[in-house]
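Before any comments, here is the structure.
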Amino acid sequence: MERNLKNVLVISFGFLFLFTAYGGLQSLQSSLNSEEGLGVASLSVLYAALILSSMFLPPILIKKLGCKWTIASSMCCYIAFSLGNFYASWYTLIPTSVILGLGGAPLWSAKCTYLTIAGTSYAEKTGKSAKDIINQYFGVFFLVFQSSGIWGNLISSLIFSQSSTKVEISEEDLACCGAYNCLTDTTNTTESTKPSTSLIYTLLGVYTASGVLAVLLIIIFLDQIKSDQAETEKEKLEAPSFWSTFLATFQHLKDKRQCLLIPLTMYSGFEQGFLSGDYTKAYVTCALGIQYVGYVMICFAAVNSLCSLLFGKISQFTGRKFLFALATVTNAACIIALLLWKPHSKQFAVFFVFPALWGLSDAVWQTQTNGLYGILFEKHKEAAFANYRLWESLGFVIAFGYSTKLQVYIKLYILLSVLALSMMTYGVVECLEAKSSSGTPSATKKENGGPLTQETYM
């Protein structure tokens, strides 16, 4: 096997094992650690730390440690979060959430840097296009990585289904599920369906072992990038200081289009936060039991992955406007239906319909919004994508932050309002683009949405 491809596979499977653990834990936080909203509070803190981390840590760590050891050390931050869940309290989960958040940005930046250098190196040896090789490497990475959502949730469901005590959820408790949930009573319902401590420890043990395996894979099998190969990349990393990067991120807000895209970008964090923080707790865990959370999230991950691939292919034929309209109608219909639906265990299939439709919508928000940023801000991509990460993470922070303070129906109304605002401001962006590109050769390309799939990878 060619050496660079071997390294790509090592990184891909390392991330697969790591996010099999983290993805499963994130889906369970609102149900597993529901006392005083500890689980969702930890996720809110995590994304707040991620915002800070993305602003200054990646260049510093990659410069000092190199890509390999930045990846390995950042992965250890994720293991710390798994360990914190063994004795979940405000004194263990909040600090480990901060640690994970700080490690998140360097992990992804080092991965992107490594794959870019590996692709460029192989292209120089073979005389092929560096862009094509890099895109192939990212394609291999995401092909392996995106299945982590399936495996992590499958593990949790299989382990929790071993519970010997099957709790019957009474009609009185079911009345507290759904949009008009009883804030205090739902916690009690969640507690009554909580698995035994031994099963929780078994799951956390498997997740921790998966994280350790990821670190060992990187340390043992990933080749360190030679200094001459990384020299150019290091120079790029050395060039911008923290303050210049920080200022560039906020100076980019002078662009009217960037300001108009803030609601759409934040909505991505809001809707993902609702599904993993509120739908799993107030609907699935409350009416079916925590053992079904994994299966429901598998449905979301599978549809999301398939639709991401599909929409990346068909966007050149349909244009991004059609896909945004499809996602808006689908998401709005789900929100309205969730406001009206009273979940009951007899309506088993319905619990999977919502995450499937949510996965379809989320695939559009992820692929098309990333692609839109890449097309609109082609000359200022670094500042643009820094804004993307900033506002999406802020959406997560807010969504998880108010999760335990508001009833579900209020959160659904907030989602619907932000979605409506997002589409209005997005429409203004499209109008501005239509005016600026009218009569130019690039107008057709911009109208069709451009090369969206590669921006999604980044």
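How many Å² of accessible area per residue for region 250-435, probe 1.4 Å? Display every interim value, and only then the final one.
Values: 7020 Å² over 186 residues.
That works out to 38 Å² for each residue.
Where a ≥ b ≥ c are the square roots of the eigenvalues of the C-alpha gyration tensor, would you call the chain rounded, which needs a/c under 1.5, or, failing that, prolate if a/b is larger than b/c, or oblate? It comes out oblate by the Cα gyration axes. Were the residues from Gln162 through Ser437 laid out at 0.36 nm apart, the gain over their Cα-Cα distance would be 93.0 nm.
If you place +1 on the Cβ of every Lys and Arg, -1 on the Cβ of every Asp and Glu, and leave all else neutral, what size is the dipole of region 250-435 about its Cα centre, to the nearest 20 Debye?
Details: 15 positive and 9 negative charges, 28 e Å.
My answer is approximately 140 debye.
Split the accessible area of the chain by element, probe 1.4 Å, and carbon with sulfur accounts for 66%. This model, with +1 at the C-beta of Lys and Arg and -1 at the C-beta of Asp and Glu, gives the chain a dipole about its Cα centre of some 940 debye. For Arg257, the solvent-accessible surface with a 1.4 Å probe is about 50 Å², rounded to the nearest 10. Dipole of the chain computed with +1 at Lys/Arg Cβ and -1 at Asp/Glu Cβ about the Cα centre; of Pro95, Thr285, Thr249, farthest Cα towards the positive end is Thr249.
To the nearest 10, the accessible area of Leu154 is 50 Å² with a 1.4 Å probe.
Keeping every protein chain present and rolling a 1.4 Å probe, give me the accessible area per residue for region 69-184 in Å². Display every interim value, and only then the final one.
Numbers: 5210 Å² over 116 residues.
Using a 1.4 Å probe on heavy atoms only, each residue of region 69-184 averages 45 Å².
These residues, Thr425, Thr120, go from largest to smallest accessible area, 1.4 Å probe, as Thr120, Thr425.
Lacking any other cysteine beta-carbon closer than 4.7 Å, the following Cys residues of the chain have no compatible partner: Cys67, Cys76, Cys77, Cys112, Cys259, Cys299, Cys307, Cys334, Cys431.
For the chain, return all DSSP H helices satisfying: extent of Cα atoms along own axis at least 20 Å; mean Kyte-Doolittle hydropathy at least 1.6. All intermediate terms of the calculation are to be shown ahead of the outcome.
Values: long enough: 3-32 (43 Å, 0.79); 38-84 (35 Å, 1.39); 93-126 (48 Å, 0.61); 130-145 (22 Å, 1.13); 197-221 (35 Å, 2.11); 256-274 (28 Å, 0.09); 293-318 (36 Å, 1.38); 320-340 (30 Å, 1.71); 350-376 (39 Å, 0.82); 381-401 (29 Å, 0.44); 408-437 (43 Å, 1.18).
Qualifying helices: 197-221, 320-340.
So, in nm, how far is label Thr126 from label Leu310 when the simple model puts each one 7 Å beyond its Cα toward the Cβ? The modelled label-to-label distance comes out at 3.1 nm. Normalising the Debye intensity of region 250-435 to I(0), with uniform scatterers on Cα atoms only, and taking log10 at q = 0.13, 0.17, 0.19 Å⁻¹ returns -0.68, -1.11, -1.33.
The values are calculated or read from the model by the stated rules, or taken from the named source; none is laboratory data. Everything quoted here is computed from the prediction, not taken from an experiment. Counting neighbours? That spans all protein chains shown, and the Cβs are built from the backbone with ideal geometry, glycine included. Only protein heavy atoms, including side chains, enter the accessible area calculation; ligands, DNA and RNA are left aside. Shrake-Rupley method; radii C 1.70, N 1.55, O 1.52, S 1.80 Å.
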